[in-house]
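The structure appears below as structure tokens.
The values are calculated or read from the model by the stated rules, or taken from the named source; none is laboratory data. These figures come from a predicted structure and were not determined experimentally. All Cβ positions, glycine included, derive from the backbone under ideal geometry; neighbour counts span all protein chains shown.
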């Protein structure tokens, strides 16, 4: 790799990652501060707390495609700045919330702003990173995501414990604001979709809503990656929503085991992300198959770790979740690398808008489905069933790919663009 292409010397990339770090930590502080405000000051019920989590997630489902269209038609840098400054203002307004309903409205607005950030960020990443460095760039971005999942709750919890909820909202608003201001140092967008290379008029807004999905459907490997990503997020959220109940029902399992499991899962995600940044991915399909089966096996085997002493539970349970976190990342990061490498810059926003919408749908369905399945079949059976189905899904993809001669290949950038124009 030449000196000019090294990520450490790519100033726009460093600016984008710096903004992502500030934004990710602000997201975690916001989550903990809102939950603390609702739970301890407004004494929210279990149902009201569940509604809060829905408000965090649902806007991205409907707004994702629109955000993707806008990211392909307008200045991506400006969209990201408006998103961050908007979130800063909304975080500050949380200080004046007088009821749980005020929080619902503000969360919906906050999540709506967040939904516009991701497609624009991925589009900007496509602009500023040379093709040979894309895998490493996506891995670095993924490490920021996974690292914030480990450190963010600790920072947010410590901030609230030391200075209180109100000051946490001030701090959070400042982080979003600094993130937006940092983005102002990015170079101007190279690409604005006005007309395509042949002079055709730009795609209408409504047509753009479906273009992301159409583009994915025309690329068999991209479609496979999206399907696997949807199901691994679905199953992961089912497990996350019920892990506390599972540990409570295991004989001799201490309550502190939950924290060890979450830390192990985050460590597995972070370690796999770092590894993917160091190696060259030879087969994206192998990553999807292996990752989904690892996650399925880890979730399905968790309830089987019974009849052990407390010491063994502290060893075996974290190992299971370490493997599960690594398996999830082995799907998530390669899929994002594949998308960046195969989709033209003119359509990258629409594709990531669609991906954001569908994966968020999988996350919400997993949170709801986990509770329903555990209520119907019992929490142990829910883990075994969901893990077994995900493992079988990965095995089915492996068999299907072998029947096709293992010839699922990606299109080139030009091929992808040509397919979208047809």
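Looking for whichever is at pLDDT 85 or above and not in a helix (DSSP H, G or I) here; the options are 185, 115, 120. Which one fits? Explain how you work it out, then say what you get.
Details: 115 fails: not in a helix (DSSP H, G or I); 120 fails: not in a helix (DSSP H, G or I).
Residue meeting the stated conditions: 185.
Among 223, 234, which is buried (at least 19 other Cβ atoms within 10 Å of the Cβ), touching a helix residue (DSSP H, G or I) at 6+ places or on another chain (Cβ under 9 Å) and modelled with pLDDT of 85 or more?
One residue alone meets the criteria, 234.
So which pairs qualify, if the first residue must be in region 120-138 and on the phi > 0 side of the Ramachandran plot, the second must be part of a helix (DSSP H, G or I) and surrounded by fewer than 24 Cβ atoms within 10 Å (Cβ to Cβ), the Cβ gap must be under 9 Å, and the two must be at least 6 apart or on different chains?
Qualifying pairs under 9 Å: none.
Quick check on residue 279: is it surrounded by fewer than 16 Cβ atoms within 10 Å (Cβ to Cβ) and within 30 Å of residue 222 (Cα to Cα)?
Details: surrounded by fewer than 16 Cβ atoms within 10 Å (Cβ to Cβ): yes; within 30 Å of residue 222 (Cα to Cα): yes.
Yes.
Do we find that residue 29 is touching a helix residue (DSSP H, G or I) at 6+ places or on another chain (Cβ under 7 Å) and either farther than 22 Å from residue 156 by Cα or surrounded by 16 or more Cβ atoms within 10 Å (Cβ to Cβ) (or both) in this structure?
In short, yes.
State whether one or more residues within region 306-319 are crowded, with 23+ Cβ neighbours inside 10 Å, closer than 22 Å to residue 363 by Cβ, in the same structural domain as residue 214 (by TED's automatic domain parsing) and touching a residue at least 12 places away in the same chain (Cβ under 8 Å).
Of the residues in region 306-319, the ones crowded, with 23+ Cβ neighbours inside 10 Å are 317.
After this cut, where a residue has to be closer than 22 Å to residue 363 by Cβ as well, the list is none.
Within region 306-319, none of the residues are crowded, with 23+ Cβ neighbours inside 10 Å, closer than 22 Å to residue 363 by Cβ, in the same structural domain as residue 214 (by TED's automatic domain parsing) and touching a residue at least 12 places away in the same chain (Cβ under 8 Å).
Matching residues to (1) touching a helix residue (DSSP H, G or I) at 6+ places or on another chain (Cβ under 7 Å); (2) within 23 Å of residue 174 (Cβ to Cβ); (3) outside the structural domain of residue 99 (by TED's automatic domain parsing):
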{"residue": "15", "(1), (2), (3)": "yes, yes, no"}
{"residue": "21", "(1), (2), (3)": "yes, yes, no"}
{"residue": "25", "(1), (2), (3)": "yes, yes, no"}
{"residue": "50", "(1), (2), (3)": "no, no, no"}
{"residue": "56", "(1), (2), (3)": "yes, yes, no"}
{"residue": "68", "(1), (2), (3)": "yes, no, no"}
{"residue": "78", "(1), (2), (3)": "no, yes, no"}
{"residue": "82", "(1), (2), (3)": "no, yes, no"}
{"residue": "86", "(1), (2), (3)": "yes, yes, no"}
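Is it fair to say residue 116 is within 30 Å of residue 281 (Cα to Cα), in the same structural domain as residue 19 (by TED's automatic domain parsing) and free of Cβ contacts under 8 Å to residues at least 60 places away in the same chain?
Working: within 30 Å of residue 281 (Cα to Cα): yes; in the same structural domain as residue 19 (by TED's automatic domain parsing): yes; free of Cβ contacts under 8 Å to residues at least 60 places away in the same chain: yes.
Yes: the conditions hold for residue 116.
Only one of 361, 373 is in the same structural domain as residue 240 (by TED's automatic domain parsing), at pLDDT 85 or above and under 24 Å from the mean Cα position of the chain (by Cα); which?
361 is the lone residue from the list that is in the same structural domain as residue 240 (by TED's automatic domain parsing), at pLDDT 85 or above and under 24 Å from the mean Cα position of the chain (by Cα).
Could you run through region 32-58 and say how many residues are outside any helix (DSSP H, G or I) and surrounded by fewer than 15 Cβ atoms within 10 Å (Cβ to Cβ)? So that I can check it myself, show each step before the final result.
Here is the first cut: in region 32-58, the residues outside any helix (DSSP H, G or I) are 42-45.
Remaining after also requiring surrounded by fewer than 15 Cβ atoms within 10 Å (Cβ to Cβ): 43, 45.
Qualifying residue count, region 32-58: 2.
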